[in-house]
Amino acid sequence: MADRAIFQDFVVTRSDRLLRTAYLLTRDWGVAEDLLQESLAKAWFAWHGIDEPEAYVRKVLVTTYTSWWRRRWRRELPSDDLPEHVTPDPWDGGREELWRAVGRLPARQRAVIVLRFYEDLPVNEVARLLGCQEGTVKSQTAKALAKLRVDESIVKELRR
């Protein structure tokens, strides 16, 4: 029973930040919510053996996102019906073009950018979360930044 209360407290206190991370990875609030829910469900089953819950859930979030990205199918089918009302992105802050460009990066590069610059994690922590070497994180970061530097949508926005 104590584990359940601790887990519930974790979900209440950390979900907003983890949801923002999921959104930055997926660029879709619905998919981000699904991703977070699946990650939290996976964490619940391992909860009794987790030493650092937030780091664990963040790693599950990234690895689940990466596996979804590889499969390309999200268990939902497209529809011809568009929603009546589109909710504005509360996290935009005038950087929509930048985040669109980040959204066009390959999944691994996008994960590195989000973890390094949004989550402000050091290289060694990102490497640990992604299950790769620090050099891989550095090279993926460099490749992603190089793509962003030449992305026409960002260059046009900066010239305005």
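The values are calculated or read from the model by the stated rules, or taken from the named source; none is laboratory data. Since this is a predicted model, take the numbers as computed values, not measurements. Methodologically, a virtual Cβ is constructed for each residue, glycine included, from the backbone with ideal geometry; neighbour enumeration extends over all protein chains shown.
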Which helices (runs of 4 or more DSSP H) sit wholly inside the stretch 89-149 and have at least 1 residues that are modelled with pLDDT of 90 or more and in contact with a helix residue (DSSP H, G or I) (Cβ under 8 Å, 6 or more places away or on another chain)? 107-113, 123-130
Scanning the stretch 108-122 residue by residue, the ones that are farther than 14 Å from Lys59 by Cα and among the aliphatic types (A, V, I, L, M) total 1
